[in-house]
Amino acid sequence: QVQLVESGGGLVQAGGSLRLSCAASGITFSFNAMGWYRQEPGKQRELVATMTSGGSTNYADSVKGRFTISRDNAKNTVYLQMNSLKPEDTAVYYCRGDYGPYRYWGQGTQVTVSS
């Protein structure tokens, strides 16, 4: 059974940094793409950043220049370095792995940025 487990969330003051990690287990393949999404209460889940197995990245405009996605393909692990955090970055952050038509989600980790 495929599982993605996020870690690294927490409470931080505005201007601070956090590093999220997402480790996949129970798989015998490499994800075509891995990424991070976030969701605030009452809002739709939105893309934060994605990275393909070839290294191509895509970022939401709101996080460009502040967040950096990276991944270890051999370990099927993806990271999100978040710097210069703002209160509006507060959300539950979800990891996702894509393999062909399949989408695998983690359970989410809370990030709270205080002003």
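Rundown of residues vs (1) farther than 18 Å from Gly8 by Cβ; (2) of a type in the set (Gly, Ala, Ser), yes/no style:
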| position | (1), (2) |
| --- | --- |
| Arg45 | yes, no |
| Val48 | no, no |
| Thr57 | yes, no |
| Ser62 | yes, yes |
| Ile69 | no, no |
| Asn73 | yes, no |
| Val78 | no, no |
| Asn83 | no, no |
| Pro87 | yes, no |
Residue satisfying all of: in the stretch 67-113; of a type in the set (D, E, K, R) and crowded, with 17+ Cβ neighbours inside 10 Å; farthest from Phe31 (Cα to Cα) among these: Asp89
Counted residues, the stretch 25-70 - those being touching a Gly at 6+ places or on another chain (Cβ under 7 Å) and among the aromatic types (Phe, Trp, Tyr): 1
Among (1) free of Cβ contacts under 8 Å to residues at least 60 places away in the same chain; (2) buried (at least 16 other Cβ atoms within 10 Å of the Cβ); (3) within 15 Å of Gly97 (Cβ to Cβ) - the single one Val63 does not satisfy: (3)
Matching residues in the stretch 25-39 - criterion: being over 14 Å from Trp105 (Cβ atoms) and either without any contact (Cβ under 8 Å) to a residue 12 or more places away in the chain or touching a helix residue (DSSP H, G or I) at 6+ places or on another chain (Cβ under 9 Å) (or both): Thr28, Ser30
So Thr112, is it closer than 23 Å to Gly15 by Cα and either in contact (Cβ under 8 Å) with a residue 60 or more places away in the chain or not in a strand (DSSP E or B) (or both): yes
Residue match in the stretch 6-22 (condition: in a strand (DSSP E or B) and modelled with pLDDT under 95): no
Every residue from the stretch 68-103 that is closer than 16 Å to Ser7 by Cα and either in contact with a Leu (Cβ under 7 Å, 6 or more places away or on another chain) or not in a strand (DSSP E or B) (or both): Ile69, Lys75, Asn76, Tyr79, Leu80, Met82, Thr90, Tyr93, Cys95, Gly97
Residues (among the small types (Gly, Ala, Ser) and either surrounded by 14 or more Cβ atoms within 10 Å (Cβ to Cβ) or assigned to a strand (DSSP E or B) (or both)) located in the stretch 33-52: Ala33, Gly35, Ala49
Count of the stretch 53-67 residues which are among the hydroxyl-bearing types (Ser, Thr, Tyr) and part of a loop (DSSP other than H, G, I, E, B): 2
When residues of the stretch 1-17 are limited to those that are hydrophobic (A, V, I, L, M, F, W, C) and open to solvent by less than 30 Å² (accessible area, probe 1.4 Å), the one nearest to Pro101 (Cα to Cα): Leu4
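The values are calculated or read from the model by the stated rules, or taken from the named source; none is laboratory data. Predicted, not measured: the structure shown is a model, and the values here were computed from it. Neighbour counts run over all protein chains shown; Cβ positions are idealised from the backbone, glycine included. Keep in mind that these areas ignore ligands, DNA and RNA; they rest on the heavy atoms of the full protein, side chains included. Shrake-Rupley method; radii C 1.70, N 1.55, O 1.52, S 1.80 Å.
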